[in-house]
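The values are calculated or read from the model by the stated rules, or taken from the named source; none is laboratory data. As the structure is a computational prediction, the values presented were derived from the model and not from experiment. So basically every Cβ, Gly included, is an ideal-geometry build from the backbone, and we count neighbours across all protein chains shown. When the accessible area is computed, the model is the full protein with side chains, heavy atoms only, and any ligands, DNA or RNA have been set aside. Shrake-Rupley method; radii C 1.70, N 1.55, O 1.52, S 1.80 Å.
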Amino acid sequence: MSKEKQSGKEKQDISRRQFLSYSIMGVGGFMAAATVMPMLRMAIDPVLKAEASGDFIATNVKVDEITTEPQRVDFNFEQKDGWYESTVTQTAWVYKDENGEIVALSPICKHLGCTVSWNSSDNYPDKFYCPCHKGVYDKDGTNVPGTPPRGPLDRYQYQINDGVLYLSRRASEVGGE
Amino acid sequence: MLNKVYDWIDERLDITPLWRDLADHEVPEHVNPAHHFSAFVYCFGGLTFFVVVIQVLSGMFLTMYYVPDIVNAWESVYYLQNEVAFGQIVRGMHHWGASIVIVMMFLHTLRVFFQGAYKKPRELNWIVGVLIFMVMLALGLTGYLLPWDMKALFATKVTLDIAQSTPLIGDMLKTLIAGDQHIIGAETLTRFFAIHVFFLPAALLLLIGLHFIMIRKQGISGPL
Ligand code: HEM
Ligand code: FES
């Protein structure tokens, strides 16, 4: 601000009309914000809500029953979808790899979400196969290039308690693209 | 009798100029199929609007029976289609209209494109037209989930996968549209319903209003 312009002079620069129009804009802006803000906050609530606890779910599989051959494991949990509660069943393909590490793959195809299964096509023995558009995955879930899927199968996290396999509710994406 | 009523109102409110200004315009010769049959290409805009009116009306009547609830949505559609007199017709209007409106809009866009009618001074109306195009696609997309059958569910899964593959904000975007991070369910259906039945039609009517005001101001583009 230059020296000539002193605060006293500036005050006089605001006319009654300007003052009123600023006031109306302020009040109007406040009213508009107070009206719209609650609605927007309500609409975006799902994005901001903390995720439900990621606890693990017991399966009916004992760890020493798991072989190197993928087996289908179904497990249930109570799901809350807003006001709607239901029991949902998740499926995993579970096996031990060469190092004895447990692998639990999601059966949801990474192309368009059909259900893949192990060794289900005579043309693709010892592969995960998706019947919808002939998607093929290796045993470790890696998608076979040249088939439709866009990435490897998702994996469940697991825990072992008292020799029983526990799996996470949701499978998560493998690695970053 | 009706004339008298009209005159009585007109005397007080002078309504004649209102509708004259809207309706009393000569159709230019070059857009009149009665003069040059090839001018039928000018009809597609009007036909698009006609189908939009059918969509809005049939949609309003469908909501008298439809419930956006995952337990009952499918049953309510089944009921209105099979048990309600003319329910099949009204749903049929909405179902087929949803595709026809896209076809008409596309033909209209082709006409405007190949005639170069989007050029100065009509650039703004092209932009509004593109916005209408997007709103219309979004209406088709959100409406598709509402019957809550297998096709609806899996189509929406694919849609949400596409949204989720957006760089950086994909996960947030998906949650915002679906109403839940993982589940396509109760909250997804209510959201899609609200968007389909309130938000998008409001946006559509606003944009169509702008579209028509601009046409009125600028007139239809001249003969080629
Ligand atoms: C240009 C505008 C619109 C388009 C393109 C459109 C599109 C669609 C589509 C594709 C469906 C699925 C129909 C089916 O599977 O048979 C649908 C369903 C539905 N729409 Fe619309 N819609 C529009 C406007 C509206 C409006 C304005 C309303 C209500 C005010 C509405 C209410 C409904 C309802 C209640 C359903 C579920 C019933 C059913 O599936 O048959 N729609 N819409
Ligand atoms: S959905 Fe599995 S290959 Fe297309």
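If only residues of the range B:90-138 that are among the charged types (D, E, K, R) and surrounded by 14 or more Cβ atoms within 10 Å (Cβ to Cβ) are counted, the one that is farthest from B:L57 (Cα to Cα) is B:R122.
Give the residue that is surrounded by the fewest Cβ atoms within 10 Å (Cβ to Cβ), with candidates limited to residues of the range B:139-159 that are of a type outside the set (A, V, I, L, M, F, W, C) and more than 12 Å from every other protein chain (Cβ to nearest Cβ). So the residue we want is B:K151. Tallying residues that are part of a helix (DSSP H, G or I) and either open to solvent by 40 Å² or more (accessible area, probe 1.4 Å) or aromatic (F, W, Y) (or both) within the range B:160-180 yields 8. If you go through the range B:24-80 and keep only what is over 28 Å from B:E187 (Cβ atoms) and acidic (D, E), you end up with B:D24, B:E26, B:E29. Counting residues in the range B:49-57 that are in contact (Cβ under 8 Å) with a residue 60 or more places away in the chain and more than 9 Å from ligand 1 (Cβ to nearest atom) gives one or more. Here is a check on your reading of the model: is B:F154 within 16 Å of ligand 2 (Cβ to nearest atom) and among the aromatic types (F, W, Y)? It is true that B:F154 is within 16 Å of ligand 2 (Cβ to nearest atom) and among the aromatic types (F, W, Y).
Hey, does the range B:182-197 have a residue that's without any contact (Cβ under 8 Å) to a residue 24 or more places away in the chain and open to solvent by 80 Å² or more (accessible area, probe 1.4 Å)? Among the residues of the range B:182-197, not one is without any contact (Cβ under 8 Å) to a residue 24 or more places away in the chain and open to solvent by 80 Å² or more (accessible area, probe 1.4 Å), which makes the answer no. Would you pick out the residues in the range A:50-89 that are open to solvent by 80 Å² or more (accessible area, probe 1.4 Å), of a type in the set (D, E) and either at positive phi or within 14 Å of chain B (Cβ to nearest Cβ) (or both)? Matches in the range A:50-89: A:E51, A:E78, A:E85.
In the range B:163-182 there is at least one residue that is more than 23 Å from A:R150 (Cβ to Cβ), among the small types (G, A, S) and within 10 Å of chain A (Cβ to nearest Cβ).
In this structure, B:D7 qualifies as farther than 30 Å from B:M134 by Cβ and either within 16 Å of ligand 1 (Cβ to nearest atom) or assigned to a helix (DSSP H, G or I) (or both).
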